[in-house]
Amino acid sequence: IQLYTAGALDATGPQASVMVQAGYNDLSEESDPRITATYATANKSKTLGFLISAAQTQRNSWQEGFGTVRFARPDTPASTPGSGFASNSTGYSDQQLRNAWYPRLPRQDSFRHDQDRTGVASTIQFRPTERFEFDLNYVYSKFETTTTSYNSFAQFRFLGNAGFRFITP
């Protein structure tokens, strides 16, 4: 595969482009702007040229869902005094409920992602003859992201001296 990117000496004259985009996320209630710009120019004899391209993007997204943190059986053995089910109106025996699998920590999850991306690419081309060419390239990229997470969960288990000593199914 041969891949050729645009060079400063490829332009027939000064060229420029600017693109502005925006999206809106109704969960985060924020807009996501994206701006890109490119400029290229060369001298009349096509021996020296310059090209620069830059992009800036901001993205804010909100993600919501449900998690279980695995499934587990309730550790409320009948042989342990003071532990067990506080009441059982399910129609199942306590032993049947001890053999059932429950979400270990059922919870509602919310994640907010704030992202900023900046990129710059530039080149200076010097081609005094058909047999000699000198290119100087510069590339810069920066990506910053912050994730904020919120969890609300319930605990339906008993573990040693921690947790709830009595579970109501």
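These residues, 46, 142, go from largest to smallest accessible area, 1.4 Å probe, as 142, 46. Apply the a/c threshold of 1.5 to the C-alpha gyration tensor of region 1-66 and tell me whether it is rounded, prolate or oblate. The shape class here is prolate.
Between residue 34 and residue 62, the simple label model (points 7 Å from Cα in the Cβ direction) yields a spacing of 2.2 nm. In percent, rounded to a whole number, the relative contact order of region 9-77 is 29, using alpha-carbon pairs under 8 Å and six or more apart. The residues packed around residue 12, meaning those with a beta-carbon under 15 Å from its beta-carbon, carry a net charge of +1 if Lys and Arg are +1 and Asp and Glu are -1.
Working from Cα pairs under 8 Å separated by at least six residues, relative contact order for region 1-43 is 46 percent.
The values are calculated or read from the model by the stated rules, or taken from the named source; none is laboratory data. Note that this is a predicted model, so its numbers are computed, not measured. Methodologically, a virtual Cβ is constructed for each residue, glycine included, from the backbone with ideal geometry; neighbour enumeration extends over all protein chains shown. With ligands, DNA and RNA removed, areas are computed over all heavy atoms of the protein, side chains included. Shrake-Rupley method; radii C 1.70, N 1.55, O 1.52, S 1.80 Å.
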